[in-house]
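Any read-out appearing in this document is the output of simple, stated calculations on the displayed coordinates, not a laboratory observation. Just so you know, these numbers come straight off a predicted model, no measurement behind them. FYI the Cβ positions are ideal-geometry reconstructions off the backbone, even for glycines, and counts take in every protein chain you see.
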Amino acid sequence: MASLDQLKQTFFDECDEALQQIEAGLTDIREGQQSDDTVNAVFRGVHSVKGGAGIFGFEALVGFAHVFETLLDGVRRGSLKATSDTLDVLLSASDVLSDLVQMSRAGKPIAAGFGNEVRSALQQIIDGDKGGAAAAEDDNSPAPADFDGLDFKPVPVNLDDDASAADALRCYAITFRPKAEMLKKANEPLYLIRELRKLGELELMAQTGEMPALSEMEPDRPYIWWTGTLQSSAPRAKIDEVFEFVIGDCDLEIVETNAAPVAELVEIADAPPTAPQEASAPLPPRATPVAPVAAPAAAAEHPEAVSGGRSAAAKPAATTTRIELERIDRVVNMVGELVISQAMLGQIVQDLPEGTSGRLAQILEEVIHHTRELKDSVMSMRAQPVSSVFQRMPRLVRELSTKTEKKVRLEMVGETTEVDRSIIERLGDPLTHIIRNSVDHGIELPADRLAAGKNEEGTIRLSAEHRGGRIVIQITDDGAGINSERVLKKAREKGLVSADATLSEDEIANLIMLAGFSTAETVSDISGRGVGMDVVRSNIQDIGGRISLKSERGRGMTIQLALPLTLAVMDGMVIKVGQQTYVMPLSAIVECLRPARTDISNLIGTRGMLQLRGDFVPLIHLGDLLDIGSAAGDGGESVVIITDAGEGARFGLVVDELCGHQQVVIKSIEESYGSVPGIAAATILGNGRVAFILDVEKLNDLAVSSPVGAGIPTKAAPVAKVA
Amino acid sequence: MPNAVAIKVLVVDDQNSVRQMTRMTLEEIGFRHIHEAENGVQAMETASLQPLDLIISDYNMPEMDGLGLLRAVRGHPVVRKVPFILLTGRGDRELVVKAAQAGVNNYLVKPFTAAILREKIEQVMGKLS
């Protein structure tokens, strides 16, 4: 049974949902989509928070929610108008409520005057309505058991005189299957059946299909069970009483079928009469072919009712179950271990002599298939809609726009897109930072916007969608965009770009994500403290994501985050270079090929180019880059993996051998070793050895930044260099 | 004297936490047959599938609220006589008047203690053994 703490936890989870509902409803109303349903939904949200808070004893929460609710009630009844000013107060109230929930959840003491400003603003609007009568109650008094002065008399019922139950003849479908325990406790099934018969018209059929041969029969095990119907005017409780002492020791289903199926009853009557008395003696399985009639039919009609009368544990079918995250995480870990064991098994099967492993390989194939499905199912359990991060943003925008005196509207699209919880958790900070930047640096002041011929109110659009096995989050604003001259000037001052380099507009825009770059002329209180987009970028890269940025001067900019769906397991390609084995994320691979020597040209100033269907693709020799040498020398027998390093940049990675595709469990190495350039994580292979998972995008950066001779790759970036 | 163990009670509330809390309180009093429903519609489904001796319902729920459920129960041929206790917030006076007109047996102001819940049930069902 749930403990009080668990229930509180459940309550706070419900609060989060309610707060989201409140926020969304108020935003809808503000955007002119006011309907009774939205107002009711908001009201219900606040009411739920208040109700639960009362039960769990969070008095500060109750008090505030009460005033909030009173105002909403006025709006709901139409006695108060949801003017723009009222809505502002309501939105701040939702922020305060959210704070109160957070504080209560964290068990922090709540200062006596917390939220008083908003509270009195609410009160003021209510008072303007009807002199504050409704909210004048003292909220800190314990709940009254009765309303004073209310003329209400409880209406007692007489249970013994159960007229409604007694007047109608009811029909019950009964399935009764004794267990061995029942006989051990000396409860005689036949006695129960006789008691049942006293209640009305009983038609039972013994099911003898499970009766073994006499020689195999265990004397203390029941083999016979019964199905049938009882027509009786007795209330259900009387029937339950008959079985009161055997309830745990038998499988019992009693389903009330109000309209007794006449045809089926006839069929029962026509079936060979198997009197209960006879049934206790071993019978030839005479009645077996006759299917149990009434009970399963009724059960099929009302599947929820089957166990209905049995115990308190039977609940109506719930659509969702709340599970502690820890438990799911445990399953995820076990699935990870399973993937590793399975890979090891695969290795062994592969090493078996030809011809001995056929059947084994076949079964292993099935295991692999099931493991994959298991992984997908568990991952979908961990998946959460991004709305849990998105929901914080409206408030952020609201607060920032007040502070900066700008007018900003936030649009959100695709909040229901699901992504792994671990990603969600690490998405909040980067997203907050980007939105801050957009309001602070992107969106212009109302006057400037009007002068530029734009709507006074700026728009930030936050969207999420699934695209090609990744989740893509996009933040677009219609602000001023990036001032490329200023960015370039700054970058040159800081020595981030050489003085003579020519850069495209987009390349310049991407400079703002370099470490130590911040152009804000005055360090504002909101953003621009010098740790800016570079932190966002490394945060996103840490979770295997990519960030890209597009800016159009005067029209706004778009930041796109492409993130993996999970951080636990991924599809990888196992590759070999020299003596080392690495894993490449399958999602980064475009194609693999073994090029002819003539297709590779060593141009001056590059590491070699592969001619591929008319295009030139730059090559990176993994062995050289990681300084581990290569078995195939200068690439004659090498395999080239064409990879996509993001933003359409392709390059060919030269390796010695492809060892095959497999699912790998991602084990972070950052906690133990810090971040190693070019290495994303580690994994355990089928042979039990550890292999590094390559970070393709960083490999490209490494290759680009390391000095290049005339076609001869130089040694760069030792693998064990710890940052 | 009705025995709490034998009484089949249906708890209706859209908030899982409150529903569980009510269940715990009922169990404290001695109830063992406790069914749950999340709203009026679900409650009517549950009520039509098995005999019930008591319904304890919240007022504020999506789909069908507590008053709607009360009216549906009273208009239903099989369950119309099942005792009905309505849970209200501390400001909902008018609601109790409406519920009384619709045939509620008793009301209960949230939050409540086990003692008050027991008292409210006993006012309707008689002293519990």
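Between A:S341 and A:K403, what length in nm is gained on full extension when 0.36 nm per residue of separation is reduced by their alpha carbon distance?
Here the segment from A:S341 to A:K403 would lengthen by 16.7 nm.
Ranked by how many other Cβ atoms sit within 10 Å of their own Cβ, fewest first, the residues A:M217, B:M21 fall in the order A:M217, B:M21.
Among A:T227, A:T598, a tally of other beta-carbon atoms within 10 Å of each Cβ gives an order, fewest to most, of A:T598, A:T227. The range A:546-586 and the range A:387-414 have Cα centres lying 28 Å from one another.
For the set A:K153/B:K110; A:K153/B:K120; A:K184/A:K238, the pairs lying more than 21 angstrom apart at their alpha carbons are A:K184/A:K238.
Summing Cβ point charges (Lys, Arg +1; Asp, Glu -1) relative to the Cα centre of the range B:4-125 gives a dipole of roughly 360 debye. Here the Kirkwood formula, the inverse mean of 1/r across different C-alpha pairs, assigns the range A:569-705 a hydrodynamic radius of 15.2 Å. Working from label points 7 Å from Cα in the Cα-to-Cβ sense, the A:A106 to A:S672 distance is 3.4 nm. If only the Cβ of Lys and Arg carry +1 and only the Cβ of Asp and Glu carry -1, the dipole of the range A:402-516 around its Cα centre is close to 240 debye.
Percent of Cα pairs in the range B:36-129 per distance bin of 5 Å, from zero to the largest separation: 3, 14, 26, 25, 21, 10, 2, 0.
Quick check on packing: order A:75-84, A:577-586 by the mean number of other C-beta atoms within 10 Å, highest mean leading.
Taking the mean over residues of other Cβ atoms within 10 Å, the ranking is A:577-586, A:75-84.
Under the classification rounded if a/c is under 1.5, otherwise prolate if a/b is larger than b/c and oblate if not, where does the range A:326-384 fall, given a ≥ b ≥ c as square roots of the Cα gyration tensor eigenvalues? Here the range A:326-384 falls in the prolate category.
In summary, the convex hull built on the alpha carbon positions of the range A:386-564 has an orientation-averaged projected area of 10.2 nm². Diagonalising the gyration tensor over the Cα atoms of the range A:1-110 and scaling each eigenvalue by 5 before taking the square root yields semi-axes of 26, 13, 12 Å, largest first. Among residues other than A:L431 with Cβ under 14 Å from its Cβ, the summed charge is +2 (Lys and Arg +1, Asp and Glu -1). Taking other C-beta atoms within 10 angstrom as a stand-in for reagent exposure, A:L431, A:L496, A:L150 fall in the order A:L150, A:L496, A:L431, fewest first. Assuming charge only on the beta carbon of Lys and Arg (+1) and of Asp and Glu (-1), the dipole of the range A:569-705 about its Cα centre is about 240 debye to the nearest 20.
Give A:K8/B:K81; A:K108/A:K375; A:K81/A:K407 a once-over and call out the pairs whose C-alpha atoms are over 28 Å from each other. As for pairs spanning more than 28 Å Cα to Cα, those are A:K8/B:K81; A:K108/A:K375.
One chain, two ends: A:L586 and A:A186. Fully extended at 0.36 nm per residue, the span grows by 137.5 nm beyond their Cα-Cα distance. Using only Cα coordinates, the Kirkwood hydrodynamic radius of the range A:445-516 works out to 14.9 Å. Between A:D500 and A:D429, the FRET efficiency from the beta-carbon distance, with R0 = 35 Å, is close to 0.40. Here the calculated FRET efficiency for A:E17 and A:A213, from their Cβ-Cβ distance with R0 = 60 Å, stands at 0.50, rounded to the nearest 0.05. Spatial offset of the range A:35-83 relative to the range A:433-466 amounts to 32 Å, using the alpha carbon center of each. Between A:F114 and A:S538, the contour length at 0.36 nm per residue exceeds the Cα-Cα span by 148.9 nm. Dipole orientation for chain B: of the candidates B:T22, B:P62, B:A99, B:A99 has the Cα lying most toward the positive pole (charges on Cβ; Lys, Arg +1; Asp, Glu -1).
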